[in-house]
Amino acid sequence: MTEKVIETTLLTKRYGDFTAVDQLNMTVDEGEIFGFLGPNGAGKTTTILMLMGLSVPTSGTGVVAGYDIVDESREVRKVASILPEYSSLYGDLTAYENLDYIGRLNDLSKAEGEERTNEMLKIVGMSKWKDSKVESFSRGMKQRVGIAAALIKQPKVIFLDEPTLGLDPVGTKEIRELILRLNREQGLTVVMASHLLHEIQITCSRVGIINKGRMVVTETIENLTKEMTGSEDRRVEFKLSEVPSGLIGDLEAIESVKSVTQENDRLYVYAGVESDFMVSKTVVEHGAVILLMRPREYTLEEIFMKYYTEG
């Protein structure tokens with residue numbers, strides 16, 4: 001059975017009359033890349049700060065890598081790291097000096113700190129610039145050094161708060177590939193908080209959607225897509241060898257088919273999933289050959305908006 005690296009029960013954070021995180025139940029498995037989704041102000045960063053032991057919950061409990069986030073917060077910070085939304089690096093220090101300093105803060109010996117610093121800079125592809133000041137770096141380069149800094153103590157889990165925000169397409173791709181490689185090669189557990197849905201969809205296997213401090217749904221993207229497909233009318237694209245006369249009318253007569261539209265040699269059938277067999281049968285009976293049958297794929301944006309609106 002997969003170990004739960006993170007687990008919260010009714011985790012709550014209030015600031016006066018405002019509830020930032022409301023009875024949050026959440027689990028993250030070992031070695032998982034978990035996408036934590038929500039608009040700005042939904043409670044993502046507040047949750048991460050509590051899980052890192054940097055903010056005390058108003059009520060509820062949380063455990064990270066076996067340690068209680070309140071009673072054992074110092075132990076939590078030994079096994080968990082965070083890359084904040086905005087760089088916490090010192091601009092007037094070099095990349096090497098920043099990592100070396102963070103290593104000393106984490107009680108690494110001089111020799112161990114030197115070895116780890118060089119290793120981390122190599123892993124994130126920044127060895128070439130190790131003696132350059134951080135203030136001269138692009139945002140993407142700063143993010144790489146920031147990830148190296150978060151990894152220097154060899155954590156079991158890393159929290160990334162908007163890791164690709166403000167990056168150009170090349171920088172975004174590089175950070176995404178780095179996250180995937182660290183997860184694949186080192187088994188690093190990653191919690192990636194973001195409102196950039198496309199990045200979450202192509203990086204994470206499972207997501208949690210938070211809305212106004214409450215967790216609306218936690219599920220794999222694959223299962224969320226299946227649920228969307230099974231619970232709503234969907235569009236199925238058919239590419240045919242030809243579109244015989246009368247076919248569209250007969251398709252529209254099938255129960256549960258809402259509409260049929262044609263674009264050249266392709267038909268787009270809007271219907272429930274239960275009508276797939278009858279639609280295909282009707283096409284074949286008209287003498288056409290089905291060259292392609294492809295259900296519509298829902299984007300994470302559509303999935304998010306469904307649960308966000310309902311939540």
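Read-outs throughout are calculated quantities, based only on the coordinates presented, and are distinct from any laboratory measurement. As the structure is a computational prediction, the values presented were derived from the model and not from experiment. Cβ: placed from backbone, ideal geometry, glycine included. Neighbour counts: every protein chain shown.
For the options Gly16, Gly43, Gly272, a Gaussian network treatment of the chain with springs between C-alpha atoms closer than 10 Å singles out Gly16 as fluctuating the most. Between Asn223 and Thr19, the FRET efficiency estimated from the beta carbon spacing at R0 = 30 angstrom works out to 0.55. Quick note on region 4-225: its Rg to Rh ratio, both from C-alpha atoms and Rh being the Kirkwood radius, is 0.96.
The calculated pair-distance distribution of region 187-272 uses every alpha carbon pair, bins of 5 angstrom beginning at 0, and gives 3, 11, 16, 15, 11, 10, 10, 10, 7, 4, 2, 0 percent. Out of every Cα-Cα pair that region 233-297 contains, those further apart than 16 angstrom amount to 33 percent. Among Tyr268, Tyr96, a tally of other beta-carbon atoms within 10 Å of each Cβ gives an order, fewest to most, of Tyr268, Tyr96.
DSSP beta bridges confined to region 135-257 are antiparallel in about 55 percent of cases. Residues Glu263, Glu301, Glu199 in ascending order of nearby Cβ atoms (within 10 Å, fewest first): Glu263, Glu301, Glu199.
With respect to the chain, whose longest principal axis is taken over its alpha-carbon atoms, helix 221-231 is tilted by about 30°. Calculated on the Cα set of region 132-261, radius of gyration then Dmax: 22.1, 71 Å.
Take the alpha-carbon centre of region 1-22, take the same for region 177-196, and report the distance between them in whole Å. Spelled out, the Cα-based centre of one part sits 22 Å from the other.
How long is the gain from Asp71 to Lys281 if the chain were fully straight, where each residue apart is worth 0.36 nm and the alpha carbon distance is subtracted?
Separation in residues times 0.36 nm, less the Cα-Cα distance, equals 69.2 nm.
Mind checking the angle between helix 110-123 and the chain's longest principal axis? C-alpha axes, 0 to 90 degrees, to the nearest 10. Orientation of helix 110-123: about 20 degrees from the principal axis. Please report the net charge: other residues with Cβ closer than 12 Å to the Cβ of Glu174, K and R +1, D and E -1. Counting the neighbours of Glu174, the net charge comes to +3. Mind pulling the angle between the C-alpha long axis of helix 95-105 and the longest principal axis of the chain? Nearest 10 degrees, somewhere in 0 to 90. Computed tilt is about 70 degrees. In whole percent, what relative contact order does region 199-287 give with Cα contacts below 8 Å and a gap of six or more residues? Across region 199-287, relative contact order equals 24 percent.
Estimated from the Cβ-Cβ distance and a Förster radius of 51 angstrom, the FRET efficiency linking Arg184 and Glu242 is about 0.65.
Divide the volume of the convex hull around the Cα atoms of region 32-152 by the residue count and you get 131 Å³ per residue.
Summarising the label geometry, the points placed 7 Å from Cα in the beta-carbon direction at Val170 and Val56 lie 4.9 nm from one another. Taking label points 7 Å from Cα along the Cα-to-Cβ direction, Met305 and Tyr268 give a separation of 1.5 nm.
Counting other Cβ atoms within 10 Å as a rough exposure proxy, the listed residues Ser132, Ser87 run Ser132, Ser87 from fewest neighbours to most.
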